[in-house]
Amino acid sequence: MILLIDAGNTRIKWRLQAAAGGLIHDEGAIAHENLAPLSRLRSTVAAPLRVVGSNVAGTETARRIRDALGVEGIEWLRPGAQACGVRNLYAEPGQLGADRWAALIGAHDLHAGACLVVMAGTATTVDLLSADGDFLGGLILPGVELMQQSLANGTAQLPLAAGSFAAQPRCTADAIRSGCLQAQAGAIERMFRQIAAQPGALCLLGGGAADAFADLLELPLKRFDNLVLHGLATVAAQPAGNTA
Ligand SMILES: Nc1ncnc2c1ncn2[C@@H]1O[C@H](COP(=O)(O)OP(=O)(O)OP(=O)(O)O)[C@@H](O)[C@H]1O
Ligand SMILES: CC(C)(CO)[C@@H](O)C(=O)NCCC(=O)O
Ligand SMILES: [K+]
C-alpha cells in the first residue's frame, strides 16, 4: 500500500492507493490541528505502508505527520532540476514549492501539450509548463481568502464581508469579492496568453478555492483535483524517485 500526502498551508490532503499507479482505496483532507485521522488510517492498513509526500507547511508539520503515522521514513519530494520528464528552470530549483513541483509532474503526465497549472489554495500559483516538460516559471499570488483578509486588515473602512461576484459591483462587499476574483482570473488569463497559440494548450485548475473563480475563466480549462497527489503517484511509480 502507498499513502500519498499533500501537506499545504491550510489543509493536509491524503490518498491511499494499492500501488503508485493503482486503485484508490480512500482519500480525504484534514486540518493541521487534528492529525488523528492519519493515526486511525495507519492502524487500518496492514504493513508495509510506503508514504510519499509533499510538504510546504514546515518541518514541524513533517514531524507531526510522521508521528501521527508512526512510520520511520516518509519520502518527501525534493524539487530538483528534473524529474519524470519535467525540467525545473527555477534559478534555484530547490526553492520551488514541493506542491508546485508535484503538480507540474502530474500535469505533464496527464497532458501532452503545453499547459498552465493553477492551484488555488492558501496561495494561488500559476505555473507555465511547455509541451516538452519545461517548467518555464510561474506566479505566486495570495489566495482568494488571503486577498480579502488583507484588505480587511489593512484598511479602516473595508470589512471582511461575504460579497458576491458582479461584473459591475455596486456595494463594498461585492466590490471586494469581485476585485479578488478578477485579480485571480486576470492573472491566469494573462499567463495563459504565453502558451495560447500552441496546439492543445490547456489550463489545469485545482485547489480548494478553484470553484470561486473557475466560471470566470475564458480559456480551455480542465478541473483536476488533486494534481499534487497525482504528481506524487507519478514520482512514486518511478524506479528512483526524486524523494528523500
Ligand atoms: N469559495 C471560496 N472563496 C474564497 N476562498 C476560499 C473558497 N474556498 C476555499 N477558500 C480558501 O482557500 C484557501 C485554501 O482552501 P483549501 O484548504 O480548500 O485549499 P487547499 O488547496 O487545500 O490549500 P492548501 O494546499 O494551501 O492547504 C483557504 O484559505 C480557504 O479558506
Ligand atoms: C507558494 C506555495 C505557498 C503554494 O502552496 C508553496 O508552493 C511554497 O511555499 N513555495 C515555496 C516558494 C516557491 O515556490 O517559489
Ligand atoms: K507559506
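The values are calculated or read from the model by the stated rules, or taken from the named source; none is laboratory data. Everything numeric in this text was worked out from a predicted model, so none of it was measured. So basically every Cβ, Gly included, is an ideal-geometry build from the backbone, and we count neighbours across all protein chains shown. With ligands, DNA and RNA removed, areas are computed over all heavy atoms of the protein, side chains included. Shrake-Rupley method; radii C 1.70, N 1.55, O 1.52, S 1.80 Å.
Overview of results
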read-out	value
Candidates A187, A173 - the one that is under 16 Å from D127 (Cβ atoms), part of a helix (DSSP H, G or I), in contact with a Ser or Thr (Cβ under 9 Å, 6 or more places away or on another chain) and open to solvent by less than 60 Å² (accessible area, probe 1.4 Å)	A187
The range 47-68 - residue that is closer than 20 Å to G21 by Cβ and open to solvent by 80 Å² or more (accessible area, probe 1.4 Å) and, of those, nearest to ligand 1 (Cβ to nearest atom)	R50
Residue within the range 93-112 that is free of Cβ contacts under 8 Å to residues at least 24 places away in the same chain, more than 16 Å from ligand 2 (Cβ to nearest atom) and polar (S, T, N, Q) present	no
Test: residue in the range 69-78 that is within 16 Å of ligand 2 (Cβ to nearest atom), closer than 30 Å to I195 by Cα and either open to solvent by less than 80 Å² (accessible area, probe 1.4 Å) or modelled with pLDDT under 95 (or both)	yes
Residues (under 13 Å from the mean Cα position of the chain (by Cα) and either more than 22 Å from R193 (Cβ to Cβ) or surrounded by fewer than 24 Cβ atoms within 10 Å (Cβ to Cβ) (or both)) located in the range 97-119	G97, A98, D99, W101, A102, I105, G106
G133 in the same structural domain as R193 (by TED's automatic domain parsing) and either within 11 Å of ligand 1 (Cβ to nearest atom) or open to solvent by less than 30 Å² (accessible area, probe 1.4 Å) (or both)	yes
Scan of the range 151-170 for residues that are open to solvent by less than 40 Å² (accessible area, probe 1.4 Å) and under 18 Å from D211 (Cα atoms), ordered by number	G163, A166
